[in-house]
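The numbers here are math on the coordinates, done by the rules we state, and not lab data. Everything numeric in this text was worked out from a predicted model, so none of it was measured. Here Cβ is always computed from backbone atoms with ideal geometry, including for glycine, and neighbour counts include all displayed protein chains.
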Number of protein chains: 6
Amino acid sequence: MSNRVAVYRKEHFNAAHRLHNPDWDEATNDRVFGKCNNPNYHGHNYELVLKVTGEPDAVTGYVMDMKVLSDIVQEHVIERFDHKNLNEDTVEFKNLNPTAENIAIVIYKILRKIIEPEFDLQVRLYETERNFVDYPAN
Amino acid sequence: MSNRVAVYRKEHFNAAHRLHNPDWDEATNDRVFGKCNNPNYHGHNYELVLKVTGEPDAVTGYVMDMKVLSDIVQEHVIERFDHKNLNEDTVEFKNLNPTAENIAIVIYKILRKIIEPEFDLQVRLYETERNFVDYPAN
Amino acid sequence: MSNRVAVYRKEHFNAAHRLHNPDWDEATNDRVFGKCNNPNYHGHNYELVLKVTGEPDAVTGYVMDMKVLSDIVQEHVIERFDHKNLNEDTVEFKNLNPTAENIAIVIYKILRKIIEPEFDLQVRLYETERNFVDYPAN
Amino acid sequence: MSNRVAVYRKEHFNAAHRLHNPDWDEATNDRVFGKCNNPNYHGHNYELVLKVTGEPDAVTGYVMDMKVLSDIVQEHVIERFDHKNLNEDTVEFKNLNPTAENIAIVIYKILRKIIEPEFDLQVRLYETERNFVDYPAN
Amino acid sequence: MSNRVAVYRKEHFNAAHRLHNPDWDEATNDRVFGKCNNPNYHGHNYELVLKVTGEPDAVTGYVMDMKVLSDIVQEHVIERFDHKNLNEDTVEFKNLNPTAENIAIVIYKILRKIIEPEFDLQVRLYETERNFVDYPAN
Amino acid sequence: MSNRVAVYRKEHFNAAHRLHNPDWDEATNDRVFGKCNNPNYHGHNYELVLKVTGEPDAVTGYVMDMKVLSDIVQEHVIERFDHKNLNEDTVEFKNLNPTAENIAIVIYKILRKIIEPEFDLQVRLYETERNFVDYPAN
């Protein structure tokens, strides 16, 4: 068995969003997205959990310094999305529906370029306490 | 000592909002409200806890049937604010800044007219897990 | 201002119960108590929070040793109600409807005789995360 | 790497149960199941988390509409078990010990027939905050 | 009824401590403080909730800007106690037993000098999820 | 598909620790470990979740009696680390930096010798609500 450990760091951001497909008429948008299609947006306290998997360093005992991971997430994710309207204020969701699934994929792609490739990465995003997603799935 | 019991019921709603004073210039709004002044809004998962205080009914053992309380809150508060933009979609916050303090006061005033006067009422509103308010204060 | 501090200790127990009034016919019981009237019972993970208020001892810095408080609650409350059917297995609820309100009052009366009178006592009982009660009410 | 995302939906139900093997004498039942063998039952607030894994739809951004998933779980699981005595009121546990393990397997089998086969399914069941199970195991 | 609202801000810090009375022999310390008397210390994740009560400002809708309150607590409390040994690294607990009760009183006295007198102040301190205190008591 | 179920049991302990490498000078220790290098230690409420995977027994419906698992963890882990200074009071961390990663590996190795080999074992350790680890990683 390998010595790999998964380390997790939880961060959060608050944002407004709207689920909407501009290629559909309003009736279809309402049928598919329901209250989430409200044209003036609604919002969430998003809880974000990053999972980084690797071997602990023999000297420090760290897979990765959680302070460093937290700083990376703050700079590249939280600064970008916190207290923002995902549809209006971000380039990532100008043409991509900001479902929890898509937000998790976007965050994964941002961090995957920064977290060194020797580490596996997974993103969990809580839209509410009762609705959450993992990307990539186990 | 009286026999009064407080019963609590927790509900939730998701909404977008913006903190902004239209009488101020942008620099003042930014200084006072910071990121919460984002013109395109941000949002929260609001957790709402209603506290109703009274004597339990000698026959049922209930201060108030929590199912009845939940239905009242659903009809008069959740339907009104859930998946809404508080600034744009509600009459209550057209001219009132939707701070947690003001949202709690508004919800209290809505429910105070409906909950029978023999009961005391208090509203707790969580804007995030780390920021929350009570109205009226103990 | 006095130097009084409130100390809280959280315990839990699991129990079955049924809400039912034997003086009513089934239709009335169903109308008033709904699913909680199921004749074969349902159950809960009850979370119990004791609040004891007094002045910290000048030497120990304790209002009351939380270990002592926990032992008292274990002996007098948890042993009595944990993994029990409140209606069938306890004398307290043989003729008293085991609503959250009544369970809190019963627990208060049990502990009030044991906790020394120099301390104030309050019982909070969570029937679920969303339904809970305080006795006596503030 | 595939584009698969896991989406999770949390629901809850309250139920009474008893752990008991009718082929054993009382002493053996007491030794094996302890307080959980109480003949008059005890109960729990069960928290249920469904995990559905698949590729997000390119148009909606959903793996599966969480509202649809929630409705399926309400209709097929919550209606069946909420406010019930698992041993007495359900066919599933007439001859099957309602341990957390078995309840999770039963819920999985119910939902596996309904959730379309392109999706993977996993059930997590919390019997208490401190005891929980996954089926199938990762 | 006044228009007073209570606003709450939650912060946290991690610290080591030991409960010990230097005027007692070891047997007495062990009897009174048990495992908490370990000479090499143990530690906790302390959760701190500040409650500030006042009237919301008519213009901003704030009782007090939570960002300002958070900054005050960070500067005067968290900087002082986070990742510290309360007995060894702080002047406050050189000669005062760092029970939850005493830590809450110390934090209250620090903040009471800084929070303007028009506001009421209360400190809640969680030593663990199951043991917590309020000062001053309601 | 096999019939394997994962069962989880949550326990907790409170401990003091310090992150430090005796082969480094203080400047290097401070740069790498920051506040966690405080020479007088700090501490945490550690939450420990054991995951045991196997097939439920056909007669009992248990993968493993959670009471038995809890007793094993109490005896072999909690007794050893609760209310201790990990660096000073334990042999395991005399020469091993007590990072969350290393604590999880140590606990895994202790329990792996005791939990029967037919069961898979995984350890999750929460150092804080926001920092946690799994060993072995999935």
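Taking the stretch C:1-46 on its own, how many of its residues are more than 9 Å from chain D (Cβ to nearest Cβ), closer than 20 Å to D:E47 by Cβ and without any contact (Cβ under 8 Å) to a residue 60 or more places away in the chain?
Counting residues in the stretch C:1-46 that are more than 9 Å from chain D (Cβ to nearest Cβ), closer than 20 Å to D:E47 by Cβ and without any contact (Cβ under 8 Å) to a residue 60 or more places away in the chain gives 1.
Let me confirm something: among E:F81, E:F93, which residue is aromatic (F, W, Y), over 10 Å from the mean Cα position of the chain (by Cα) and within 14 Å of chain F (Cβ to nearest Cβ)?
Of the residues listed, the single one that is aromatic (F, W, Y), over 10 Å from the mean Cα position of the chain (by Cα) and within 14 Å of chain F (Cβ to nearest Cβ) is E:F93.
Among what's in the stretch F:117-138 and is part of a loop (DSSP other than H, G, I, E, B) and more than 10 Å from chain A (Cβ to nearest Cβ), pick the residue that is farthest from the chain's Cα centre (by Cα). Don't jump to the end; show me each part of the working.
Taking the stretch F:117-138 as the starting set, the residues that turn out to be part of a loop (DSSP other than H, G, I, E, B) are F:117-119, F:127-130, F:136-138.
Pick out the ones that are also more than 10 Å from chain A (Cβ to nearest Cβ) and you get F:117-119.
Numbers: F:P117: 19, F:E118: 21, F:F119: 18 Å.
The residue in question is F:E118.
For F:T60, only one of the following conditions fails: (1) under 30 Å from D:G34 (Cβ atoms); (2) touching a helix residue (DSSP H, G or I) at 6+ places or on another chain (Cβ under 7 Å); (3) touching a residue at least 12 places away in the same chain (Cβ under 8 Å). What is its number?
Of (1) under 30 Å from D:G34 (Cβ atoms); (2) touching a helix residue (DSSP H, G or I) at 6+ places or on another chain (Cβ under 7 Å); (3) touching a residue at least 12 places away in the same chain (Cβ under 8 Å), only one is false for F:T60: (3).
Checking the condition among the β-branched types (V, I, T) and either under 30 Å from E:D134 (Cβ atoms) or crowded, with 21+ Cβ neighbours inside 10 Å (or both), which residue from B:T90, B:T128 passes? Lay out the reasoning, then the answer.
Numbers: B:T90 fails: either under 30 Å from E:D134 (Cβ atoms) or crowded, with 21+ Cβ neighbours inside 10 Å (or both).
Just one listed residue meets the conditions, B:T128.
Can you name the condition, by its number, that E:P39 falls short on among (1) more than 30 Å from E:E118 (Cα to Cα); (2) in contact with a Lys or Arg (Cβ under 8 Å, 6 or more places away or on another chain); (3) surrounded by 15 or more Cβ atoms within 10 Å (Cβ to Cβ)?
Only one criterion in (1) more than 30 Å from E:E118 (Cα to Cα); (2) in contact with a Lys or Arg (Cβ under 8 Å, 6 or more places away or on another chain); (3) surrounded by 15 or more Cβ atoms within 10 Å (Cβ to Cβ) is unmet by E:P39, namely (3).
For the stretch D:42-73, how many residues are farther than 26 Å from C:H12 by Cβ, crowded, with 17+ Cβ neighbours inside 10 Å and charged (D, E, K, R)?
The total comes to 2.
Pairs only if they're at least six apart or on different chains, beta carbon under 8 angstrom, first in the stretch D:90-102 and among the aromatic types (F, W, Y), second buried (at least 19 other Cβ atoms within 10 Å of the Cβ); list them, first residue then second.
Correct list of pairs: D:F93/D:H17; D:F93/D:L86; D:F93/D:N87; D:F93/D:N102; D:F93/D:I103; D:F93/D:V106.
With the requirement that a residue be over 22 Å from C:N95 (Cβ atoms) and either touching a Leu at 6+ places or on another chain (Cβ under 8 Å) or crowded, with 21+ Cβ neighbours inside 10 Å (or both), what does the stretch C:1-36 give you?
C:V5, C:A6, C:V7, C:Y8, C:R9, C:K10, C:E11, C:H12, C:N14 - these are the residues of the stretch C:1-36 that are over 22 Å from C:N95 (Cβ atoms) and either touching a Leu at 6+ places or on another chain (Cβ under 8 Å) or crowded, with 21+ Cβ neighbours inside 10 Å (or both).
Condition check: within 30 Å of B:L69 (Cα to Cα) and either free of Cβ contacts under 8 Å to residues at least 60 places away in the same chain or under 14 Å from the mean Cα position of the chain (by Cα) (or both). Does C:V49 satisfy that? Before the answer, list the steps.
On the way: within 30 Å of B:L69 (Cα to Cα): yes; either free of Cβ contacts under 8 Å to residues at least 60 places away in the same chain or under 14 Å from the mean Cα position of the chain (by Cα) (or both): yes.
Taking the combined requirement at face value, the residue satisfies it.
Would the stretch E:74-84 turn up any residue that is among the polar types (S, T, N, Q) and surrounded by 19 or more Cβ atoms within 10 Å (Cβ to Cβ)?
For the stretch E:74-84, residues among the polar types (S, T, N, Q) and surrounded by 19 or more Cβ atoms within 10 Å (Cβ to Cβ): absent.
Please enumerate the residues belonging to the stretch B:23-46 that are polar (S, T, N, Q) and under 23 Å from the mean Cα position of the chain (by Cα).
Within the stretch B:23-46, B:N37, B:N38, B:N40, B:N45 qualify.
Condition first: polar (S, T, N, Q) and more than 30 Å from D:F93 (Cβ to Cβ). Now tell me which residues in the stretch F:60-108 satisfy that.
Within the stretch F:60-108, F:Q74, F:N85, F:N87, F:T90, F:N95, F:N97, F:T99, F:N102 meet the criteria.
Can you tell me which residues in the stretch A:73-87 are of a type in the set (D, E, K, R) and in contact (Cβ under 8 Å) with a residue 60 or more places away in the chain? Lay out the reasoning, then the answer.
Going through the stretch A:73-87, the residues of a type in the set (D, E, K, R) turn out to be A:75, A:79-80, A:82, A:84.
Within the stretch A:73-87, A:D82, A:K84 qualify.
Answer with yes or no whether A:A104 is under 12 Å from the mean Cα position of the chain (by Cα), crowded, with 19+ Cβ neighbours inside 10 Å and small (G, A, S).
Details: under 12 Å from the mean Cα position of the chain (by Cα): yes; crowded, with 19+ Cβ neighbours inside 10 Å: yes; small (G, A, S): yes.
Spelling it out, A:A104 is indeed under 12 Å from the mean Cα position of the chain (by Cα), crowded, with 19+ Cβ neighbours inside 10 Å and small (G, A, S).
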